[in-house]
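Have a look at the structure below before the remarks.
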2 protein chains.
Amino acid sequence: MTELAIGIDGGGSSCRAAVADRRGNVLGRGKAGPANILSDLDGSLLNIVESAHDALREAGLPAETISKVSAVVGVAGANVGDYGARIERNLPFADGHVVTDALIALQGALGDSDGVIGAFGTGSVYNARRDGKLRGIGGWGFVVGDQASGARLGRDLLEKSLLAYDKVRPSSPLTAKLMAEYGGDPERVVEFAHASKPRDFARYAPLVFDYAAQGDKIAIGIIKDAALAIDENLDALLWPECPAICLLGGLAGAYEPWLAERHKALLRVPKGDVLQGAIELAVNYLQERQKGAA
Amino acid sequence: MTELAIGIDGGGSSCRAAVADRRGNVLGRGKAGPANILSDLDGSLLNIVESAHDALREAGLPAETISKVSAVVGVAGANVGDYGARIERNLPFADGHVVTDALIALQGALGDSDGVIGAFGTGSVYNARRDGKLRGIGGWGFVVGDQASGARLGRDLLEKSLLAYDKVRPSSPLTAKLMAEYGGDPERVVEFAHASKPRDFARYAPLVFDYAAQGDKIAIGIIKDAALAIDENLDALLWPECPAICLLGGLAGAYEPWLAERHKALLRVPKGDVLQGAIELAVNYLQERQKGAA
């Protein structure tokens with residue numbers, strides 16, 4: 001039996017893979033195009049497999065090794081309808097498992113322990129593992145959700161800047177800066193808002209945090225609203241003995257000082273990244289398979 | 001001199017016109033296609049003029065009368081760049097004036113008096129006339145504004161329903177009804193939200209008001225937030241001696257009981273509609289012209 005495991009992070013912009021030995025030591029890494037299984041199942045499958053081949057090549061292993069390894073693929077949408085099962089049926093591995101992107105993120109951050117993760121980038125989403133059972137909330141997108149996302153911080157800034165322009169609410173150095181960027185013309189702010197995608201709004205998130213740190217009252221209000229949303233979501237997932245909370249994503253560090261003390265006390269540094277989570281899960285499957293064969 | 005005036009409400013879905021005598025008695029009404037001067041200046045001009053011709057026809061007046069009347073056209077975007085001036089230059093009337101849709105709404109509701117109007121339909125917008133001077137706020141669209149619009153009420157309902165689904169916030173009969181409409185599937189709610197235009201969200205506004213009247217706590221919270229936004233916007237426009245506030249639009253009556261007492265005390269029934277406002281302004285110009293000629 002080949003004592004190798006492959007972990008794959010099937011992401012919306014690229015797939016990343018790593019081949020590891022039975023102790024989890026990485027022997028080679030690979031990369032390929034995106035995996036968006038809900039919109040392009042066949043293309044996603046090709047990229048997932050190609051990233052594994054790329055990792056085997058980097059490890060100096062023959063291509064046919066692929067049919068002998070245990071592998072875990074983490075990908076968004078794996079729990080929607082039969083999308084995950086359709087990918088899983090067509091994988092070339094000896095033992096291949098398709099799981100959600102949430103599970104590999106959780107495994108990467110917490111290892112085999114229980115706990116809660118919250119991820120804050122353009123969007124925001126939360127996942128818990130308790131007694132091995134997963135529960136995820138949020139991640140509904142910024143139009144009707146993702147209250148602590150970078151996109152919502154940016155959208156809130158635009159809204160509060162227009163209220164300040166209309167003299168309905170006070171202005172601040174931050175709203176003045178925002179309006180100046182659009183030549184003081186509210187029509188241009190509205191034009192930007194209507195043409196923009198979540199990631200465009202999210203570009204304002206670091207600015208909001210910077211001004212909040214300098215005491216800007218409107219920035220502080222925006223961040224406090226978002227941090228309260230984080231606290232509410234964490235409370236919805238936590239249980240009395242929960243051992244750890246990990247914050248992930250580009251805004252994780254920025255949010256940390258704004259959280260409720262009861263949550264700060266549980267914060268832990270993530271053990272590893274999402275790819276690390278996929279590798280660990282694949283190694284777990286490999287060890288189980290070896291036990292079964294022994 | 002022909003003693004006739006034509007008022008035109010140049011709307012985004014149709015143009016309505018009325019020809020009146022010097023006392024404002026309507027002799028005939030007309031209708032034509034939409035006027036969206038920012039996106040279709042030439043088409044808007046054709047429809048504006050056609051609505052006037054249609055009104056003259058209904059009044060039994062010869063077509064050439066058009067070149068002898070005073071006219072006022074109220075249209076959105078009249079104050080943006082030189083759009084209003086470009087329409088005005090090409091009008092076939094003896095004396096034609098292009099003004100904002102806000103001004104004809106204000107004139108229709110308040111007559112020649114000072115006061116404040118707020119309009120609440122799919123969007124929300126506020127206008128004041130004080131000592132004859134106009135000031136408008138709001139109307140920036142529901143992505144980053146229009147806090148008391150039907151679209152925002154609907155969007156808030158979807159957001160609060162997803163928070164209830166995730167057990168982050170309490171549920172209520174209204175959020176349960178909303179989720180049931182989508183088969184209890186949050187993915188379908190999100191799909192609707194991302195495919196929808198403001199008027200699609202706004203279809204939920206009457207439901208939110210209905211449930212609020214029955215004591216639904218989440219409905220009440222949504223309406224109170226919106227009513228607070230109205231109060232803030234009115235406060236930004238009001239002055240100590242302001243004699244009147246008129247609420248216009250499909251949601252005007254529904255909001256009335258939710259407003260602050262200080263604003264309820266100033267509420268007045270609108271004197272007339274927007275077309276009435278355009279007619280009055282046109283009659284005013286006619287009378288001035290006649291004075292000038294006398």
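The values are calculated or read from the model by the stated rules, or taken from the named source; none is laboratory data. Worth saying up front: this structure is predicted, and the values here are computed from it rather than measured. All Cβ positions, even for glycine, are placed from backbone atoms using ideal geometry, and neighbour counts span all protein chains on display. Each accessible area value is taken on the protein alone, full model and side chains, heavy atoms only, with ligands, DNA and RNA left out. Shrake-Rupley method; radii C 1.70, N 1.55, O 1.52, S 1.80 Å.
What's the total number of residues in the range A:112-169 that are open to solvent by 40 Å² or more (accessible area, probe 1.4 Å) and in a strand (DSSP E or B)?
Residues in the range A:112-169 being open to solvent by 40 Å² or more (accessible area, probe 1.4 Å) and in a strand (DSSP E or B): 6 in total.
Would you be able to tell me the number of residues in the range A:178-217 that are assigned to a helix (DSSP H, G or I), within 14 Å of chain B (Cβ to nearest Cβ) and open to solvent by less than 90 Å² (accessible area, probe 1.4 Å)?
Of the residues in that region, 11 qualify.
Looking only at the range B:128-138, filter to residues that are over 21 Å from B:G250 (Cβ atoms) and within 12 Å of chain A (Cβ to nearest Cβ); which one of those is modelled with the lowest pLDDT?
B:R135
B:V72 passes all but one of (1) surrounded by fewer than 19 Cβ atoms within 10 Å (Cβ to Cβ); (2) closer than 28 Å to B:K291 by Cα; (3) not hydroxyl-bearing (S, T, Y); which number fails?
(1)
Please verify whether A:L259 is modelled with pLDDT of 95 or more, farther than 23 Å from B:R169 by Cα and either surrounded by 18 or more Cβ atoms within 10 Å (Cβ to Cβ) or aromatic (F, W, Y) (or both), treating the condition exactly as stated. Talk me through it step by step, then tell me what you get.
Details: modelled with pLDDT of 95 or more: yes; farther than 23 Å from B:R169 by Cα: no; either surrounded by 18 or more Cβ atoms within 10 Å (Cβ to Cβ) or aromatic (F, W, Y) (or both): yes.
In short, no.
Can you tell which of A:K224, A:K177, A:K217, A:K160 is of a type in the set (K, R) and either within 18 Å of B:G141 (Cα to Cα) or in contact (Cβ under 8 Å) with a residue 60 or more places away in the chain (or both)?
Numbers: A:K224 fails: either within 18 Å of B:G141 (Cα to Cα) or in contact (Cβ under 8 Å) with a residue 60 or more places away in the chain (or both); A:K177 fails: either within 18 Å of B:G141 (Cα to Cα) or in contact (Cβ under 8 Å) with a residue 60 or more places away in the chain (or both); A:K217 fails: either within 18 Å of B:G141 (Cα to Cα) or in contact (Cβ under 8 Å) with a residue 60 or more places away in the chain (or both).
After applying the criteria, what remains is A:K160.
Every residue, every condition in (1) at pLDDT 95 or above; (2) over 20 Å from the mean Cα position of the chain (by Cα); (3) in the same structural domain as B:D200 (by TED's automatic domain parsing), yes or no:
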position: B:L27; (1), (2), (3): yes, yes, no
position: B:I37; (1), (2), (3): no, no, no
position: B:V49; (1), (2), (3): yes, yes, no
position: B:H53; (1), (2), (3): yes, yes, no
position: B:L61; (1), (2), (3): yes, yes, no
position: B:I66; (1), (2), (3): yes, yes, no
position: B:V80; (1), (2), (3): no, no, no
position: B:G123; (1), (2), (3): no, no, no
position: B:Y126; (1), (2), (3): yes, no, no
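Looking at A:P240 and the list (1) surrounded by fewer than 17 Cβ atoms within 10 Å (Cβ to Cβ); (2) under 17 Å from the mean Cα position of the chain (by Cα); (3) of a type outside the set (A, V, I, L, M, F, W, C); (4) in a loop (DSSP other than H, G, I, E, B), which single condition is not satisfied?
(2) is the only condition that A:P240 fails.
Kindly indicate whether A:L234 is assigned to a helix (DSSP H, G or I), touching a residue at least 60 places away in the same chain (Cβ under 8 Å) and not β-branched (V, I, T).
Values: assigned to a helix (DSSP H, G or I): yes; touching a residue at least 60 places away in the same chain (Cβ under 8 Å): yes; not β-branched (V, I, T): yes.
In short, yes.
Picking from A:G60, A:G77, A:G81, A:G96, which residue would you name as being surrounded by 18 or more Cβ atoms within 10 Å (Cβ to Cβ), on the phi > 0 side of the Ramachandran plot and not polar (S, T, N, Q)? If you could, list the steps in order and put the result at the bottom.
Numbers: A:G60 fails: surrounded by 18 or more Cβ atoms within 10 Å (Cβ to Cβ); A:G81 fails: surrounded by 18 or more Cβ atoms within 10 Å (Cβ to Cβ); A:G96 fails: on the phi > 0 side of the Ramachandran plot.
When all the criteria are applied, what remains is A:G77.
Going through the range B:139-177 one residue at a time, which ones are polar (S, T, N, Q), more than 11 Å from chain A (Cβ to nearest Cβ) and over 13 Å from B:A226 (Cβ atoms)?
If we filter the range B:139-177 for residues that are polar (S, T, N, Q), which is where we start, we get B:147, B:149, B:161, B:171-172, B:175.
Right, trim to more than 11 Å from chain A (Cβ to nearest Cβ) and you get B:149, B:171-172, B:175.
Hits for the range B:139-177 are B:S171, B:S172, B:T175.
Mind checking which pairs have a first residue in the range A:263-277 that is surrounded by 16 or more Cβ atoms within 10 Å (Cβ to Cβ) and a second that is basic (K, R), Cβ under 6 Å, 6 or more apart or different chains?
A:L275/A:R16
Please go through the range A:12-66 and give me each residue that is charged (D, E, K, R), assigned to a helix (DSSP H, G or I) and either in contact with a Cys (Cβ under 7 Å, 6 or more places away or on another chain) or within 16 Å of A:G84 (Cα to Cα) (or both), ordered by number. Before you say what the answer is, go through the steps one by one.
Start the filter on the range A:12-66 by keeping residues that are charged (D, E, K, R), which leaves A:16, A:21-23, A:29, A:31, A:40, A:42, A:50, A:54, A:57-58, A:64.
Applying the additional criterion that residues be assigned to a helix (DSSP H, G or I) yields A:42, A:50, A:54, A:57-58, A:64.
Hit for the range A:12-66 is A:D42, nothing else.
Give me the residue from the range B:40-95 that is touching a helix residue (DSSP H, G or I) at 6+ places or on another chain (Cβ under 7 Å) and without any contact (Cβ under 8 Å) to a residue 24 or more places away in the chain and, out of that set, nearest to B:E280 (Cα to Cα).
Only one residue fits best here, namely B:H53.
Output the residues belonging to the range B:15-42 that are open to solvent by less than 40 Å² (accessible area, probe 1.4 Å) and closer than 15 Å to B:A78 by Cα.
The first filter runs over the range B:15-42 and keeps only residues open to solvent by less than 40 Å² (accessible area, probe 1.4 Å), leaving B:15, B:17-21, B:24, B:28, B:30, B:32-33, B:35, B:37, B:41.
Across the range B:15-42, the qualifying residues are B:C15, B:A35, B:I37, B:L41.
Among the candidates A:A229, A:A164, A:A213, which residue alone is of a type in the set (G, A, S) and touching a strand residue (DSSP E or B) at 6+ places or on another chain (Cβ under 9 Å)? Walk me through how you get there before you give the answer.
Values: A:A164 fails: touching a strand residue (DSSP E or B) at 6+ places or on another chain (Cβ under 9 Å); A:A213 fails: touching a strand residue (DSSP E or B) at 6+ places or on another chain (Cβ under 9 Å).
Just one listed residue meets the conditions, A:A229.
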